[in-house]
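Read the structure below first, then the notes.
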Amino acid sequence: MKKIKKVLLLGSGALKIGQAGEFDYSGSQAIKALKEESIKVILVNPNIATIQTSQGFANTVYFLPIEPYFVKKIIQKEKPDGIILSFGGQTALNCGLLLAKDRIFQKYQVEVLGTSIETIEKTEDRQLFVNTLDQINLKCPQSQAVKTVKQALAVATTIGYPIMIRGGFSLGGQDSGMAQNRKQLVEIATRALAKVGQILIEEYLDKWKEVEYEVVRDKFDNCITVCNMENIDPMGIHTGESIVVAPSQTLNNFEYHKLREISIKVIRHLGIVGECNIQFALNPNPKWDPASHFSSLTSSLDYRIIEVNARLSRSSALASKATGYPLAYIAAKLALGYSLTDLQNSVTKKTIACFEPALDYLVVKFPRWDLAKFLKSQTEIGSSMQSVGEVMAVGRKFEEAIQKAVRMLDIGFEGILDEKAPKVSWAKPTPWRIFAIARAIRQKTAVEKIAQATGIDPFFLYKLKNICDFEKSIKVSKQKTHGTPDTFNSRDALLLAKQLGFSDKRLTTLTGSTKDKIRQLRHKFDIHPSVKQIDTLAAEYPAETNYLYLTYNGESDDVVSQRSNVKGQMSKVIVLGSGPYRIGSSVEFDWCSVTCAQTAESCNFSTIIINCNPETVSTDFDMAQKLYFEELTEETITEIYHKEKPSGLIVSMGGQTPNNLATKLTQRGLAILGTKVTSIDRAEDRSKFSKLCDELDIAQPVWAKLKNVGEAIVFAQKIGYPVLVRPSYVLSGAAMNVAFNPQDLEAYLLAASQVSAEYPVVISQFHQNSKEIEIDAVAKNGKVLCQAIIEHVENAGVHSGDSSMVLPAQKLYTQTIEQIKKIAQKIARELNITGPFNIQFLAENNRVMVIECNLRASRSLPFVSKVTGINFAKLATEAILGIDQRPETRDQRPDYVAVKAPQFSFARIKGADPILRVEMASTGEVACFGDDIYEAYLKSQIATGVSLPKKSVFISLAGEENKIKFQEAAKTLFKMGLKIYATAGTAQFFKNHGIDVTKLYKIHEHQKPNVLDFLLAKKIDLVINIFDPYFKKEFDDDYLIRRASIDFGIPLLANMQAAQLFVKAISLKKPADLKILPWNQYVTFKN
Amino acid sequence: MMQKAKLILEDGTIFHGQAAGSKRSVAGEVVFATGMVGYDMSLTDPSYAGQVLTFTYPLIGNWGVPPKDYWESEKIQVAGLVISDLTIIPSHWQSQMTLDQWLKKENISAIVGIDTRRLTQKLREKGVMLGKIVADNQNVDFWDPNTENLVAKVSPTKPIIHTPFQGDSFKGIKIGLLNCGAKRNILRSFLSRGVTVYELPWNYDPFENNLPIDGLVISNGPGDPKMAKESIAIIKKALDKKIPTFGICLGNQLLALAASGNTYKLKFGHRAQNQPTIEVNSKRCYITTQNHGYAVDEKKLPDGFKRWFYNANDNTNEGIIHEKLPFFSVQFHPEATPGPTDTEWLFDYFMEKFK
């Protein structure tokens, strides 16, 4: 084996559903592990918002698509000794498999480090996988495809009833079903086979327990299982959609350790070096005879191996955070050939890495869904993942942990019984099911009945019942004491409430007492949470770790805090993280938080991070001097603050969640560093901000604060439709909408009032054809230190998070730029800003209007930092901490262009309409560099999974205006030799203008040639569908075309400006024109 | 209403909680175990005799209590139990009753609702301590179980012959199991390999009684190994006869003592299911279950014996093996229950000596 000196590491690209920030964590740890060995790390990852692509991590970074074409070119250029495929999710693994197939690694003598390609193939190919495990007599679910009812019956006889019948994939599972017997099977199979040629007959594992193991192996065959996890939701609900506990709670020693033993057999047999995740189905009611001999017990373990992921995964990130065991870091070391016994347990620093963590707490992982953000989406959850993020709560009681998890979701619920939870049926799996179950238990539905119907183990349901019973007892004593907080006349009663995870706010609601009474009572009784360490060994050995959580099920603190601000001593700051990933808040704010903490540390501050998202780098144990894996709520932050006594809190780096807490935290007497809270409020509160603009003579769209629907309609009539409806203090444009008529307006106002009842709703004039521009800047005491002006590709009407951004701006007048800078300076001065801020503008010709201003780090802060070479987050942190600095200006206009493009996950959200609106829908982003906008844009499109059209394009343009606007682009496509298909109106228009097109019928016309058939047969490489919001009749068919494009995996362009740019880019650039250059060949770093 | 209880340590520390189980006051040596599963097995492990056992995992009682056939001995062996969060309603297909019902039935006292992490930290820093659970304000005196011959208390009084469950690969092989407080799974591990087992009381000399055994297994058990003088004498005879001899846990210490080695008491012992144990001269590390307060002194290894396994965390002895003769022993539990099954191969290793 040659000495490894240079390694190519593949990242995971943009965040999308099913593949999110967890790979920033795993990649960052891998880089750290490799660099410790003096290995040069070359990273390919177009996700510019990640921490792993920051300066000081990898030696060289390529912001290029993780596609075989590009990776091969990078290999040719960089000549690495080794490549690591298992830290970049499925994207990296798939890319690696394709490269291996083309024998690229052999050709360029690149060693695949860690798990071999052969092993990866065994875990990825279903049949190969089943055969491999069959060799060592391990059980996988039985499944067979059949074409006739007769075959189905034969297979069912071998498998045994009940059996599962699955219809064809495209039918959305509507012809699936369970058959208890022959008769039912005939019935279902006949129905299904009438529609599709082939059905699957499978072993029925519905409601079996779902259990996961995280297994590690070194090349010397030492194996450990770092963690096991139990899904509260049984088989049938994707593990990413399940509420999960670690360690398992309902598995006894035999089940726990037999599955562990099998896990080790699997990893050894497959020959994995590093880490893998194994998912099991476990029969909750195996056949057994209580009187039978002990030795028969092992045979009653009824399990199936569902899948093995031979790479770091979401589950391994969770396991890592749940146990404190740095899985990704260790896996990277093992890939280099280390033995587990050579490596230290980096938490205790006294023991070795070859051990299995013992927990003295439990964690609950709760997914965060944003289904309401998608038009037309369904609310049922199931076997495919739709959640966009997750939280992890640590506690010493299940009740404590799950109630904490609910609050961490940041959806405004105070606990599992919060009345705000939608009143849905508990029988159906939805994002709200656990709340519905808790409510049903509260209303005396029998636990056993729920257990039977849902497959959720009664253990968990009885724990929920403990919460319900306690709430009931409060109600009873409230009646006795006439509703005064005397309910808690003893310390014990209030302590018990806190131990069961009730927040002060919830108890206030339950007791009907006045604001703050419970908190005062709690202080009177001296009830405070204890600080405990996550130390991997359940306190068996002393641990140096500062990986912490709070619990009311404790009597003492593990760590004692030193007061900050002793003269001449190091000061202490708390950085608030961003909470769960969701649409509108993801890895970019983790980058801001981490950069902030690291900057503070380098300025000799003692740093503390509070965050609750296991998919982040900020929750790695060594990113700050202390990490509280805790709730980002007023109550918890205040408790930590009083324990830590810091100089203050930084709320402006973690996005909207901490920003929204600023006012309340100040009211509690906590010091907020940077821009004053009164200023934050003046920017966030719509009406205050508008007033401010008027005072400063800054133009803005006509607006009015809403009093009632009638007045709103009169106002809208006056300024003319369309109008924009928006509530204050919201993230990613929640409940923001454009109303084209009074009916729209009425409906949207209702929705807006439900989202944010505490704050006013504003309606304003909507400018359809203006450009959108934003500025990211940092100021200190009202003076701007640095700024970057970003141009959007799409016109106004598309949420800034869904827009493609260009930096430096390409098509702005100098006058416009000057106006923008002036306005930014005016606002900074007026609000005396110290820290980051972002302002969004509309521009029509030379007229600039302000539409929004946020006095916090923006989503685009990592983008502007990494493109300009000026680290805005660092500068902002220094400003906030009062460190002396000089303004950072760029000397001249750079000779490169960067484009940030959104990544959508529409394919994951059943039925969602993939259009761009004022409410954000993208789940991630990429950014690429180029010599001009076309090169950068094309690279960024490819990086989000768009493939370039080779043969044909389908075009459907609603309305005359769109047809005229797109005419030139259509001509270009035609000249490129692409076959053009179009719907009737569009086809006619193009024909009249000399473009040869083939007409296809719309889906609802049910005539051939039909667009649906062409999409299904993959005869179309690209769909351009521009709709006209005024013509609602056409909406439905356009929707069907768009949805079909998504379902069949065909690239879709649904925005005029984006489509025009895309066409121009592909006409000007061939793949060979896309330069393979690393980041540092474009950008010079300034700070 | 929950009845209150106190856990009082010999250094004067008091923990306040609620009484559970029999709600009696009891005294013993307070120890902690960090395994997350298998409370039913730990509670019935005779090695815990005389000890007040603290589980560091907070949720205990989740899967109730399995039928007696699945226990590690015929009763709960601990003197008392310390739990953070007792599960009142368990859920498992094997469960026959709740943990609390079982404790009541077996007259075992428990204290619940205390900060077991804080207690563990105390024991880790100061070493294991004597302590008592005081329920209903009925005081009891501290009691040091290590001053007594606990082995004699937990060992059977008569020898029993067990016929194998299955298999005939070792048909006709008979081994003696010196039961100093053996976990049932040691016996099961042999019976499932087709071996006939003569289960012997700790002081029952199979050679004097002319039992036809081909090898000797020395079981785990409670307390200070030096108390079990008669067992040591029996093991000496086995060594003289050069028959295959295999010690487990206390058996490791007894074998060392029989071969004129020495033992000592650890500060807080190893009671866990995650102990990394390295085989000497290899890169092989096993994850093992452990439950012991005493260890073999490596400074004075018996003649002819060498270190076989050691603890990767604190470098203490985890096993010894004779350089030539078929004598060996391990400090950990190859029979697991509870815990990982990584070292189950040791039973096969022992049986190979009869091939």
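None of the figures in this text is laboratory data; all of them are computed from the coordinates on show. Source: prediction; values computed, not measured. Because the Cβ atoms are built from the backbone with ideal geometry, glycine has one as well, and the counts that use them run over all protein chains shown.
With n ≥ 4 as the cut-off for DSSP H runs, can you work out [θ] at 222 nm for chain B, using -39500 (n - 2.57) per run divided by the number of residues, rounded to the nearest 500? The partial results should precede the final answer.
Numbers: 8 runs with 66 residues, N = 355.
Calculated at 222 nm, the ellipticity per residue is -5000 deg cm²/dmol.
Can you give the % of DSSP beta bridges in chain B that are antiparallel, to the nearest 5? Don't skip to the answer; put the middle values down first.
Numbers: 45 of 76 bridges.
Counting DSSP beta bridges with both partners in chain B, the antiparallel share is about 60 percent.
For segment A:561-673, what does the convex hull of the Cα positions come to per residue, in cubic angstrom?
Details: hull volume 9.8 nm³, N = 113.
Spelled out: Cα convex hull of segment A:561-673, divided by residues, is 86 Å³.
Please work out the Kirkwood hydrodynamic radius for segment B:73-130, using every pair of different C-alpha atoms, and report it in angstroms with one decimal place.
Details: mean 1/r = 0.0754 Å⁻¹.
For segment B:73-130, the Kirkwood estimate is 13.3 Å.
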Burial-style ranking of A:491-500, B:153-162, average other-beta-carbon count within 10 Å with highest first, yields A:491-500, B:153-162
P(r) over all Cα-Cα pairs of segment A:613-755, 5 Å bins from 0 to the longest distance, whole percent per bin, short to long, reads 2, 8, 14, 16, 15, 13, 10, 9, 7, 4, 2, 0
Rounded to two decimals, the Rg over Rh value of segment B:286-328 from Cα coordinates and the Kirkwood Rh reads 0.97
Residues whose built amide H sits under 5 Å from the amide H of B:Gly247, excluding neighbours closer than 5 in sequence, are B:Ile218, B:Phe328, B:Ser329, B:Val330
So, with points 7 Å from each Cα along the Cβ direction, the A:Ser556-A:Thr158 label distance in nm works out to 6.3 nm
Taking Cα pairs closer than 8 Å and at least 6 residues apart, the relative contact order of segment A:935-1073 in percent is 30 percent
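Treat the count of other C-beta atoms within 10 Å as a stand-in for reagent exposure and order A:Thr607, A:Thr148 from fewest to most. Numbers along the way, then the final one.
Numbers: A:Thr607 24, A:Thr148 13.
Lowest count first: A:Thr148, A:Thr607.
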Per-residue Cβ contact counts at 10 Å, fewest first, order B:His270, A:His993 as A:His993, B:His270
Residue by residue through segment A:538-554, the couplings from Karplus 6.51 cos²θ - 1.76 cosθ + 1.60 with θ = phi - 60°, in Hz, x for Gly and Pro, are 6, 6, 5, 10, x, 10, 7, 5, 10, 8, 10, 9, 10, 8, 8, 9, x
Computed curve, chain B, Cα-only Debye sum without solvent term, log₁₀ I(q)/I(0) at 0.06, 0.08, 0.11 Å⁻¹, is -0.21, -0.37, -0.70
Sorted by chain and then number, the residues having a modelled amide H within less than 5 Å of the amide H of A:Leu537, at least 5 places away or on another chain, are A:Ala358
From fewest to most C-beta neighbours within 10 Å, the residues A:Lys423, A:Lys963 line up as A:Lys423, A:Lys963
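Restricting things to alpha carbons, find the Rg to Rh ratio for segment B:157-278 using the Kirkwood radius for Rh. Before the final figure, lay out each step's value.
On the way: Rg = 14.6 Å, Rh = 14.9 Å.
Across segment B:157-278, the Cα-based Rg/Rh ratio is 0.98.
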Using alpha-carbon coordinates alone, the radius of gyration and Dmax of chain A in Å work out to 29.1, 89
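Per DSSP helix of 4 or more residues, -39500 (n - 2.57); summed, then divided by the residues of chain A. What does that give at 222 nm, rounded to the nearest 500? Write out the running numbers ahead of the final one.
On the way: 34 runs with 384 residues, N = 1087.
Value at 222 nm, helices only, nearest 500: -11000 deg cm²/dmol.
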So for R0 = 25 Å, FRET eff. of A:Lys811-A:Ser1067 from the Cβ-Cβ r, to 0.05, ends up at 0.85
Once phi for every residue in segment A:835-841 is put through the Karplus expression 6.51 cos²θ - 1.76 cosθ + 1.60 (θ = phi - 60°), the whole-Hz ³J(HN,Hα) values, with Gly and Pro written as x, are x, x, 8, 9, 10, 10, 10
So, relative contact order of segment A:840-901 in percent, Cα under 8 Å, 6 or more apart, is 18 percent
Relative contact order in percent for chain A (Cα pairs under 8 Å, 6+ apart) equals 10 percent
Within 10 Å of the Cβ of an average residue in A:443-455, the count of other chain Cβ atoms is 0
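Please sort A:354-361, A:878-885, A:120-127 by packing, taking for each peptide the average over its residues of neighbouring beta carbons within 10 angstrom, highest first. Let's see the in-between values first.
Numbers: A:354-361: 25.0, A:878-885: 18.5, A:120-127: 16.4.
Per-residue mean Cβ counts within 10 Å order the peptides as A:354-361, A:878-885, A:120-127.
If you take every residue apart from A:Glu37 with its C-beta less than 14 Å away from the C-beta of A:Glu37, what net charge results, scoring Lys and Arg +1 and Asp and Glu -1? Walk me through the intermediate numbers first.
Numbers: positive: A:Lys3, A:Lys5, A:Lys6, A:Lys32, A:Lys35, A:Lys40, A:Lys333; negative: A:Glu36, A:Asp81, A:Asp342.
Local net charge: +4.
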P(r) over all Cα-Cα pairs of segment A:569-626, 10 Å bins from 0 to the longest distance, whole percent per bin, short to long, reads 27, 53, 17, 2, 0
Normalised per residue, the volume inside the convex hull of the alpha-carbon atoms of segment B:4-147 in Å³ amounts to 94 Å³
With x for Gly and Pro, the residue-by-residue ³J(HN,Hα) of segment A:95-111, computed from phi through the Karplus equation 6.51 cos²θ - 1.76 cosθ + 1.60 at θ = phi - 60° and given in whole Hz, is 5, x, 5, 5, 5, 5, 4, 7, 6, 5, 5, 5, 4, 9, 6, 9, 7
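So if I average 1/r over every pair of distinct C-alpha atoms in segment A:209-370 and take the inverse, what Kirkwood radius in Å does that give? Please report the intermediate quantities before stating the final value.
Values: mean 1/r = 0.0610 Å⁻¹.
Answer for segment A:209-370: a Kirkwood hydrodynamic radius of 16.4 Å.
Give me a single rounded figure for B:26-39: the average over its residues of other chain Cβ atoms within 10 Å of their Cβ. Write down the numbers at each step before the final one.
On the way: counts 0, 0, 0, 0, 0, 0, 4, 3, 8, 4, 15, 12, 5, 2.
Taking the mean over all residues of the peptide, I get 4.
Only helices at least 18 Å long along their own axis, judged from Cα atoms, and with Kyte-Doolittle mean hydropathy of -1.0 or greater: name those in chain B from DSSP H.
Numbers: long enough: B:229-241 (19 Å, -0.19).
Result, helices passing both filters: B:229-241.
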Counting all Cα-Cα pairs in segment A:289-433, those more than 27 Å apart amount in percent to 47 percent
Across A:821-827, the residue-averaged tally of Cβ atoms belonging to other chains within 10 Å stands at 0
Rounded to the angstrom and largest first, Cα extents along the principal axes for segment A:86-238 equal 58, 36, 28
Computed on Cα atoms, the radius of gyration and Dmax of segment A:935-1073 in angstrom are 14.1, 44
Taking placed amide H atoms and a strict 5 Å upper bound, the residues 5 or more places from B:Thr196 or on another chain that come that close are B:Gly172, B:Ile173, B:Ile175
